[in-house]
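The values are calculated or read from the model by the stated rules, or taken from the named source; none is laboratory data. Predicted, not measured: the structure shown is a model, and the values here were computed from it. Methodologically, a virtual Cβ is constructed for each residue, glycine included, from the backbone with ideal geometry; neighbour enumeration extends over all protein chains shown. Quick note on the areas: whole protein, heavy atoms, side chains included, nothing else; ligands and nucleic acids left out. Shrake-Rupley method; radii C 1.70, N 1.55, O 1.52, S 1.80 Å.
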Amino acid sequence: MDFKKPFDLSGKIALVTGSSRGIGASIARLLAAQGAQVIVSSRKQDACEAIVAQIRSEGGKAEAIACHIGEMESIAALFSQIRERHGRLDILVNNAAANPYFGPILDTTLEAYQKTVDVNIRGYFFASVEGGRLMKEKGGGTIVNVASINAENPGMYQGIYSVTKAAIVSMTKSFAKECAAFNIRVNALLPGATDTKFAATLVKNEKILNQLMPHVPMQRVAQPDEMAGAVLYLVSPAASYTTGSCLTVDGGFLIG
């Protein structure tokens, strides 16, 4: 590791799913700032292009490829384009997620269950498979799965979402164990409550927020940028001996 540049990503090709806003957008911007060529991906091309324009205005390199991570055909098309354009992938950040249902677990519908599982489990899994194959061909790479503290402590009225996030933790460890032989590191980020549109049901609800804050030693929700640094560490040379780990960034919530 170069001690003067422990987080340097110059020349790396990085894909960040769900990166048109929130945590994903912050991750994409930071990786680009450290020298990576970032592929910004989410369901809507125009939203991706807006983040690409921002990254370029900041001096970074980026491109947009739309992908619905809950659709297998879209995943295949995304990685086909990456292969054609770059011939390799060095960094994959699985961040796209779904949480269509907030309510009692006993009232969960099949539709809500299926959508959440398709994106949060199947999407992460097969994006990791496709990305891992590219990495294996070129001698290695790194994958980060954005999970949630709900994986460790299920959120009230967030039953199926919490189940899928727990599955992502297990998925991370499974890929890490099998892919280490190919010089592929796989880790997870477990964010706490973060001020994003995705988490608006929690962070914009005064009643819920008042119930949550007594359990957060830092007494505030996070900003999206505060998650990006943890991902940068995990994908950088500074974390060259780190795999199968789950890095919690939650203001102390899981301390108990």
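Against the numbered list (1) in a helix (DSSP H, G or I); (2) touching a helix residue (DSSP H, G or I) at 6+ places or on another chain (Cβ under 7 Å), residue 219 comes up short only at (1).
Screening residue 170 on (1) small (Gly, Ala, Ser); (2) over 14 Å from the mean Cα position of the chain (by Cα); (3) open to solvent by less than 20 Å² (accessible area, probe 1.4 Å) shows it passes everything except condition (3).
Of all the listed residues (98, 76, 112, 62), the sole one being outside any helix (DSSP H, G or I) and either under 27 Å from residue 169 (Cα atoms) or of a type in the set (Asp, Glu) (or both) is 98.
Scanning region 67-94 for residues that are within 16 Å of the chain's Cα centre (by Cα) and over 21 Å from residue 140 (Cβ atoms) returns 67, 68, 69, 70, 75.
Within region 1-14, the set of residues being modelled with pLDDT under 95 and surrounded by 19 or more Cβ atoms within 10 Å (Cβ to Cβ) is empty. If the condition is being surrounded by fewer than 24 Cβ atoms within 10 Å (Cβ to Cβ) and assigned to a helix (DSSP H, G or I), then region 15-25 contributes only 22. If the condition is being open to solvent by less than 20 Å² (accessible area, probe 1.4 Å) and within 21 Å of residue 147 (Cα to Cα), then region 59-74 contributes 67, 69, 70. Note on region 75-123: residues that are surrounded by fewer than 17 Cβ atoms within 10 Å (Cβ to Cβ) and over 30 Å from residue 208 (Cβ atoms) amount to 10. Determine if region 35-57 includes at least one residue that is open to solvent by 20 Å² or more (accessible area, probe 1.4 Å), more than 22 Å from residue 127 (Cα to Cα), touching a strand residue (DSSP E or B) at 6+ places or on another chain (Cβ under 7 Å) and not in a loop (DSSP other than H, G, I, E, B). Yes, the conditions are met somewhere in region 35-57.
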